[in-house]
1. When the helices in the chain are scored as -39500 (n - 2.57) per DSSP H run of 4 or longer and the sum is shared across all residues, what 222 nm value do you end up with, to the nearest 500 deg cm²/dmol?
2. Around Y247, which amide H atoms from residues at least 5 apart in sequence, or from another chain, sit under 5 Å from its own amide H, with H modelled in the peptide plane?
3. I need the phi-derived Karplus couplings for segment 270-276: 6.51 cos²θ - 1.76 cosθ + 1.60, θ = phi - 60°, integer Hz, Gly and Pro marked x.
4. Any idea how far the Cα center of segment 167-225 sits from the one of segment 24-94, in Å?
5. Please give every one of the aspartates and glutamates within straight-line cross-link reach of K271, meaning a C-alpha to C-alpha distance under 12 Å, and leave out same-chain neighbours fewer than 8 residues apart.
6. Considering the values [x] 238; [y] 149; [z] 172, which represents volume of the Cα convex hull per residue in Å³ as calculated for the structure under consideration?
7. For labels at L7 and L275 in the simple 7 Å Cα→Cβ model, what's the distance in nm?
8. For the chain, modelled as a GNM with alpha-carbon contacts under 10 angstrom, which of V13, V393, V338 fluctuates the most?
Amino acid sequence: MIIDTKLKTFLLVFVILFLALSLRIYIATFHSDNYDLNLFKQWSKESVVGDIFSVYKRPVESGVYAPYLFIYFLKLSGSIYKGFFSPSFNLASNTLSILIKSAAIFFDLLTGYLIFLLLKKSINFKAGLLGLLFYVFNPGIIYLSAYWGQIDALYTLLVFISIIFLSKSKFYLSWFFIILAVFTKPQSIIFVPLIFFLNLKVNKKALARLVVLIPVFIFIILSPIILSGNLFNFVRHYFYVIGRYPYVSVNAFNPWWLLSKGFGLILDNQKLFGLIPFFYIGIFLFLISYIFIIYIIRKYNHKFIYLASSFIAFSFFMLPTQIHERYLFPIFVFLSIVWPKNKQFLIIYIILTLTFFANLIAVLPFFQPVAVMGHSYTISLIFKNIGALINSVVYVYFIYIIIKTVSVSKQINVYNS
C-alpha cells in the first residue's frame with residue numbers, strides 16, 4: 001500500500017510536470033522576434049564558433065550583460081543546434097529559439113518541483129500539489145520563459161535555493177547560492193541584507209567565518225572566467241550595465257509609472273519639487289521597506305522568511321526607479337510557499353499573476369495590437385495605468401496583511417517552516 005501511494009504521488013506529479021512542459025514547448029514554437037532572444041541567439045553562436053566567454057569580449061559600450069551561468073546553457077544549446085540541425089548556424093531558425101528557451105523552461109519546472117517538496121513537507125501533499133499547479137501554470141511565468149525566452153527563471157531559482165538553505169540555517173550554502181545568483185543577475189543582491197541579518201542574528205560565528213569563505217566562493221564561481229583570462233572583461237560588462245536605463249520606470253506597472261502619467265521613460269535624475277532626484281527617493285523608499293520587514297521578522301527569525309522574501313521582491317518592483325516589467329518574477333516563487341498557509345495571500349498571488357501577465361503582454365504582445373477607431377495608443381495607455389494602479393493598491397494591502405498576520409498571535413505558528 002505504501003508503494004502504491006508513493007507510485008500514485010510520483011505519477012500525479014509527473015503528469016502535472018509533463019503537461020506544464022508540453023504547454024511550454026507548444027508556446028515556445030511560436031515565433032517571438034524580440035531583441036533579447038535575438039541577442040541570445042547571437043551569443044549562442046559566438047560561444048560555439050569562438051570560446052564560451054567571447055560575449056564578454058564585446059565592447060562594453062554595448063551596455064548588455066550576458067547573465068553568468070546562462071552562458072553555459074547557450075553554449076550547450078548552440079552546440080546541439082550546430083551538431084544536429086544547422087552546421088552553418090542559421091540564426092533565423094525557430095529551432096534555435098526553442099533550444100534556447102528550453103533552459104528557462106527547465107528552471108521553471110525545477111522551481112515548481114521544489115515548491116511541491118517544501119509544501120508537502122511543511123504542510124501536506126495537497127498543499128504541495130496546489131503550490132506546484134499554481135506555479136507551473138502561472139500564465140506570466142509561462143509567457144516570459146516559453147514565449148519571450150527570458151532567463152529570469154535561472155536567477156530566481158538560485159535565490160530560491162539560497163533562501164531554502166537559509167531557512168534551514170545552512171548559512172554557508174545559502175551564501176554560496178546567493179553569490180552565484182548575484183553574478184548571474186545583479187538584482188539578486190536585494191536578498192543579501194536579509195541573509196546577512198538572519199545569519200548575524202542566529203549564528204555570528206558562521207558569519208565571521210564567511211569573511212574568509214565568501215572570497216573563496218567568489219573564486220570558485222568565477223574560476224572558469226578567471227582561468228580563461230576574461231575576468232576583467234566580465235567585471236567591466238557586469239558593472240557597466242548597472243544604471244543603463246536611468247528612467248523612473250522601464251515599462252514596470254508601479255507607482256513611478258503613474259507618477260510619470262504613463263510615460264515611464266522620464267529620466268530619474270529629475271528632482272521632486274526641484275529638491276531630490278527621483279532616483280534617490282526610490283532608493284530611500286526601498287530602504288524604508290527593507291527596515292520595515294526586518295523589524296517585522298526580528299523576533300521570529302525563520303518563521304517569516306518566505307513572507308519577508310516575497311515582500312522584498314515586491315518592494316523592489318514597486319519602489320526604486322529603473323525597474324523593468326520582468327522584475328516582479330521572483331515574488332511568485334516565495335508567495336507560492338506563503339499563500340497555502342494563509343489564503344489572504346492567495347488573493348495577492350492571483351491579482352499579481354494577472355497584472356504581471358498583462359505587463360508582459362503590454363511590452364511584448366503575442367499579437368500585434370489592433371487599433372480601435374484609431375485610438376489604440378490611448379487604450380494601451382489606460383490599460384497600463386490601470387495595471388500600475390492595481391499593483392499599487394495590492395502593495396498597500398500586502399503591507400496591511402503582513403502587519404495583521406504578525407500582530408495576531410494565533411497566526412504566527414502557521415508560518416513555522
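Rule-based calculations on the coordinates, nothing more; no lab input. These numbers were taken from a predicted model, which means no experiment stands behind them. Counting neighbours? That spans all protein chains shown, and the Cβs are built from the backbone with ideal geometry, glycine included.
1. On the way: 18 runs with 281 residues, N = 417.
Dividing the helical sum by the residues of the chain leaves -22000 deg cm²/dmol.
2. Residues meeting the amide H criterion: D268, Q322.
3. Going residue by residue, I get 5, 9, 6, 6, x, 10, 10 Hz, with x marking Gly and Pro.
4. 29 Å
5. Cross-link targets: none qualify.
6. Step by step, volume of the Cα convex hull per residue in Å³ for this structure corresponds to label [z].
7. Each label point is offset 7 Å from its Cα along the Cβ direction, giving 7.2 nm.
8. Evaluated over the chain, the most mobile residue of the options is V393.
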